[in-house]
Every structure is written in structure tokens, then in C-alpha cells.
1. Could you identify the single residue in G190, G141 that is farther than 24 Å from V254 by Cβ, touching a residue at least 12 places away in the same chain (Cβ under 8 Å) and of a type outside the set (A, V, I, L, M, F, W, C)?
2. For a quick check of your reading: which helices (runs of 4 or more DSSP H) sit entirely within segment 78-162 and have at least 2 residues that are within 22 Å of P21 (Cβ to Cβ)?
3. Can you tell me which residue within segment 160-212, out of those that are more than 17 Å from G141 (Cβ to Cβ) and in contact with a Gly (Cβ under 6 Å, 6 or more places away or on another chain), is modelled with the highest pLDDT?
4. Kindly establish whether Y308 is in contact (Cβ under 8 Å) with a residue 60 or more places away in the chain and either among the polar types (S, T, N, Q) or touching a Ser or Thr at 6+ places or on another chain (Cβ under 6 Å) (or both).
5. Among what's in segment 3-39 and is closer than 20 Å to K67 by Cβ and among the small types (G, A, S), pick the residue that is nearest to the chain's Cα centre (by Cα).
6. Could you check segment 199-299 for helices (runs of 4 or more DSSP H) lying wholly inside it with 1 or more residues that are touching an Asp or Glu at 6+ places or on another chain (Cβ under 8 Å) and surrounded by 15 or more Cβ atoms within 10 Å (Cβ to Cβ)?
7. Confirm whether G156 is of a type in the set (G, A, S) and closer than 22 Å to R7 by Cα.
8. Residue check: is I324 surrounded by 14 or more Cβ atoms within 10 Å (Cβ to Cβ), touching a Leu at 6+ places or on another chain (Cβ under 7 Å) and either farther than 20 Å from L104 by Cα or not acidic (D, E) (or both)?
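The values are calculated or read from the model by the stated rules, or taken from the named source; none is laboratory data. Note that the structure is a prediction, hence the values are computed from the model and not measured. Counting neighbours? That spans all protein chains shown, and the Cβs are built from the backbone with ideal geometry, glycine included.
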Amino acid sequence: MPKNSYRPERVLVQNGAEAYPMTEAILNNLGADVPVERFDSEVEGIRRRFQDRDFSSAKRTLVIAPKKGPFIKKCPGTKGEVCCNYHVADFIENCDMDCSYCFLQQMLTNPYLKIHPNVEDLMEEIDGLLNAAPDRILRFGTGEMSDSLSLDWLTGFTDRFLPFVAARENLVFEMKTKTDCIDGLKRFRGLGNVVIAWSLNPQSVVDRNEPGTASLQNRISAAAECAGLGYRVAFHFDPIIYSDTWETDYHHVVDLLFDHIPTKRIGWISLGSLRFHKGNHNLIREQHADNRDFRGEMIGCSDGKFRYLRPLRVSTYKSMLEKISSFKTPPPVYLCMEAQDMWRSVFGNMSLIKENPEIFA
């Protein structure tokens, strides 16, 4: 069991969920010492259990319930932003880690951690989209509503899912993580259409804001190991958190990255600034009043999110792009959740989109 593995205080299993192999795997991996309760449907009675508990405590309850309706959602880009048309394919809601800036703190109505065990329905849904677009490469991925790998020891998702991905030529599947939990990935070799992606920040930012995650060095080491197994890897500098020493700190991360990972194994790198919806911004500032990372000036943007001032974001992205581009044959770099005028200010034009159809499916 990984050292940063999740251990719930209790498990709630919806009646009927036992029919799915993943439910059996989860209960077997947890063992008999975790209390298990059954329920018929997610009625208000379940929600009321969490009214007086904070976000971090509530996720110590694990709910196993089949997904009703579609799994797949398009990337949550908003009007006016350049979007990569990424297909979000999460089967877990909420995360066992506890990043201070996490948008799930405001987004989730029910703060417990929920696993949908009917991943066979997810695979069928993906097949339907692939069959409807046989001449296009479609990019799917996990890691939006939860970490892609931190609970793999519990769910066995990679064992069940990666052979499915490997057999589909017009599918690229990205798994985003902040962990070094790659044991499940080690059982496979040379899966060229599976991309393992790490969110990266300087270790000082990890220490202040990403409890329960792997260290920066461990993430880089895990990425290097995956690259050696034949996986492509990707990296997301998102959110970039500004400080007086941000440039030195983030450039050091870039150096560390390229010191350990062959550029030919890197599919892409994204850049995105710290951002919040208004309610989440206020919530996080209240909960982390002593954290200097949330004291910087931010401004409301047209999509309803608060971001650093535009000139600061432009200079930050340009600095990161210049640093990454200083290495031989650098991978494609793109911006996450920024408008076209920001892209033009950073890149000079929008040609990156046409040149990288795999990223901008």
C-alpha cells in the first residue's frame, strides 16, 4: 500500500453496487476493519450527515455508488477562453489529498469521497464517442474531479482500463496526478497512447499548499520511471503561484524536469495561473488567512474567475516559455484557461493550435 494511501473511517455502499467488480476490489483492499453500511439511494439523509463537518473531515467517508447518466464531460473551459476540447472521464468525485487552493471545496455539494464502480459503462461511452469520430484523435483523461493515481491501489483502475486504451488507435488518454503511486502502471510497457501527467510546483509551494501529495522530487522520479517504461509524460505548471522568488523557484523546477526526463518522452507542458471563482476565493482566504500565497492582488475576469493582473500573467508565461524553449527540442507548451488575447501576447499568434491536433482535439 503506498505511503500516502487513503484510509476511510467508514464506507457507504449503495445497494446494487456489489454487482460491479470494482466494488468487490475496493472492499477487499480495504479489509474487514473498516465499517461498511448499505443504503438504497442518495437521499437527503446522507447529505445531512455532513452539514457540521468540514471539507477535509467529510472525505473520510467513502461512498460507492454507480454513476447515473453519462460519465464524459467536456473540459470546463468557459466562454472566451481557448479550450483544448479535452474530454473529462472521471469516475471518482473528490480527492483524498487536501490542496489549499482546490476548486472542489466550493464545487462539490456533497463533500464525501465517492467512487462510481461501473467503469464498464465509462468504457462503453468512450467507445461510442470514438466510433462517431473514426478519423479524429480524441483526448480523454482523468484527474479533474480527483487524482488519477492516488486511489489506484484501492480501485485497480489501471489494471482494468489500460488494456482498453491500448486497443484503441484514435484515443489518447491522460492521467493527471500529484503522486508517485505508479505501481499499477509498472505492469504495462510501451503504451504510447497513455500519457501520465504531473502537476508541478516548487517544493516550497508543495509544502505550504499540497498536503498529502508526493514531493516534487518524487513526482519527477516517478515521471522518469514511467518514461523509461515507454509511457509518454506531460507536465502542468498549474496553478503557478506568484511570489517574490517565483521566477527562480519555477525555473529551478524546469531545470529539474529536463535533467531527468528525455524531451522525446514529453507530450506537452501547460501553464496556468492561480485562479478562483469568487466564492472559492473568499472561502480560501478565510480558511488560510496566514498563507501568504493568497494575499496577492487579483482581479475579476469575464469568465467570473479571479486571476492575477494581466501584465503579471503575461510576464510570468513569457518567462516560463522562454525557459522551457531554451532546451533542445522542447515539447509543445500551451496555456490553460486563458483567452485568445493572452495567447497572442505570449506566443505572438494562434498557430500552436493547428500544429498540435493531438492536444487540441
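1. None of the others qualify; the one that does is G190.
2. 119-132, 152-155
3. It comes out as R189.
4. When the stated conditions are applied, Y308 passes them.
5. The selected residue is A25.
6. So the answer is 203-209, 216-228.
7. The answer is yes for G156.
8. Answer is no for this residue.
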